[in-house]
Amino acid sequence: MENTNKSYMKGFVPYAIAAAILSLCGGFTASVPTAISTAWNADASLTFITLAYSLAAAAMAPIMGKLGGAIGRRKMLLSAMALYTVGQALIAICPQNVPLLLVFRFMVGIGAAGIAPVIMAYIMMEFPPEKMGLGFTIYMVLSCGMVIFGPTVGGILMAVIGTADAWRIIMWICVAMCVISFVLCFAMVKDNPNLPKGSMKGFDWAGAAFVLIMFGALVCVPTFGQQNGWMSVATLASIAVAVVGLIILVAIEKKAASPILNGKFIARKNFVLPVIVLFLTQGLMTACLTEIIRFGYAIDKASVASIAMSIEYLGMAIGTVVLGPMADKKEPRIVAAIALVFVAIGSAIMMIINENAGVLAMGGALFFVGLGLGGNTTIFMKVALSGVAPTESSSASGTFNVFKDMCAPFGVAIFVPMFVTGMTNKAAAGMAVPAAAASALHSVALVQLVCVAVGIVVCFMLPSVRVKTAKEA
């Protein structure tokens, strides 16, 4: 279906507002789970308080995406924003009751799961094909920029307020911002009358239930594996539930007239290959950051490591702005491979960092990692979602989102314990802690470099998706 919307940028404004507020509130409340667990003396529940949101935001994304295609973008965006806002308000007034808090956190996560796919669906359907990379770039810039800005302001406010209930004030600030954003979106967002209308008739409720069970269990695996051990009861139980849920889900979706998880969409090279590269490399973004922070503490240079963290975010922002739009001008597989070369440079720098390293070495490594991976997130969105039918745009966006969001926790769960275990074993063998930390960092960086090399090879296997401009044609 040819795109005929000439005012796509004007129509994108309310979606951009929704993307910004979702990201800002996410960053703004980043320290809230820890603050709540401390104030309520519930440190043992911190994992579940954190997981309640991330589980809903990831596992519900395919379901909310499919629902958005059925009821329309406007209804989905406004409903999700309302749920997100109400959830934030309920957290702000929540009594000292962890189970109730988990319900409200899950509610906020469902709202987030409904917002992201509908934004991506708008870009897919309303932006000209040759401008899709630009659309995803704007979306990622808003998301990344607000997340960077949020934690800083939120942390400062909590420190200034200095009371045990300071987190409640933070939540009310988020509620106020959400209400303003909802009003703006209500006044501005419109459905495109030229697009086919969806329907709730025959909605795949059974598939939705098992999508939530399967992906919910899968999201829990890296968290439980890292905290409780990969052979712990919690980890093995999560893996078992995910496997059984997947088997039942496949059987259900084969019979569904309009499945939540569309096998034809998932089986495309456009989807499978980007997801493979994402799992090989995207987790390095957070993993490398965590490794450098831990390394900084090990060599008594925590402040230097914190500066390096900001430098990685800078690299990520530059990569998103510079490399992302290049996928509209050059073949995305080439741009993606070039982006991973920068990641390889960052991993190579990590292999030569020693206990005397300063901000140049640590910051340089993280800058190149952020530069490459920041650009690739945008590029892979374009590749994976190219050629999707209008009626499947929201569903496809939600499906891609859940796979994209799982990359970071799995990367952290694999690479960070690898670094910590290596450092601990070397120190136990008699090596000084700073030298042990450097040696462990080198070993993990080598493994990461191999993953990046494999990712580059896979990039060249991606199908061609670039649409020529009128001038080129």
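Quick notes
- Scan of segment 191-230 for residues that are in a loop (DSSP other than H, G, I, E, B) and either on the phi > 0 side of the Ramachandran plot or touching a Ser or Thr at 6+ places or on another chain (Cβ under 8 Å) (or both), ordered by number: 194, 196, 198, 202, 203, 204, 229
- With respect to (1) surrounded by fewer than 17 Cβ atoms within 10 Å (Cβ to Cβ); (2) under 20 Å from residue 178 (Cα atoms); (3) at pLDDT 95 or above, the lone exception for residue 81 is condition (1).
- Test result for residue 124, hydrophobic (A, V, I, L, M, F, W, C), at pLDDT below 90 and buried (at least 24 other Cβ atoms within 10 Å of the Cβ): yes
- Filter result (surrounded by fewer than 24 Cβ atoms within 10 Å (Cβ to Cβ) and among the hydroxyl-bearing types (Ser, Thr, Tyr)) within segment 84-121: 85
- Meets criteria (free of Cβ contacts under 8 Å to residues at least 24 places away in the same chain and β-branched (Val, Ile, Thr)) for residue 223: no
- So residue 308, is it under 30 Å from residue 356 (Cβ atoms) and either without any contact (Cβ under 8 Å) to a residue 60 or more places away in the chain or not assigned by TED's automatic domain parsing to the domain that holds residue 446 (or both): yes
- Some residue of segment 197-211 being surrounded by fewer than 22 Cβ atoms within 10 Å (Cβ to Cβ) and within 18 Å of the chain's Cα centre (by Cα): no
- Restricting segment 386-430 to residues that are at pLDDT below 85 and outside any helix (DSSP H, G or I) leaves a set whose member that is surrounded by the most Cβ atoms within 10 Å (Cβ to Cβ) is 388.
- Pairs linking a residue in segment 443-461 that is aromatic (Phe, Trp, Tyr) to a residue that is surrounded by 15 or more Cβ atoms within 10 Å (Cβ to Cβ) and assigned to a helix (DSSP H, G or I), with Cβ atoms under 7 Å and 6 or more positions apart or on different chains, are 460/333; 460/337.
- Meets criteria (surrounded by fewer than 21 Cβ atoms within 10 Å (Cβ to Cβ), modelled with pLDDT under 90 and farther than 22 Å from residue 353 by Cβ) for residue 433: no
- Within segment 407-418, residues that are within 11 Å of residue 227 (Cα to Cα) have Cβ atoms under 8 Å from residues that are surrounded by 21 or more Cβ atoms within 10 Å (Cβ to Cβ) and not hydrophobic (A, V, I, L, M, F, W, C) in these pairs: 413/222; 413/223; 413/225, counting only partners at least 6 apart in sequence or on another chain.
- Listed here are the helices (runs of 4 or more DSSP H) enclosed by segment 252-345 that have at least 3 residues being surrounded by 20 or more Cβ atoms within 10 Å (Cβ to Cβ): 269-281, 283-298, 302-329.
The values are calculated or read from the model by the stated rules, or taken from the named source; none is laboratory data. Since this is a predicted model, take the numbers as computed values, not measurements. No Cβ is skipped: glycine too gets one built from the backbone with ideal geometry, and neighbour counts run over all protein chains shown.
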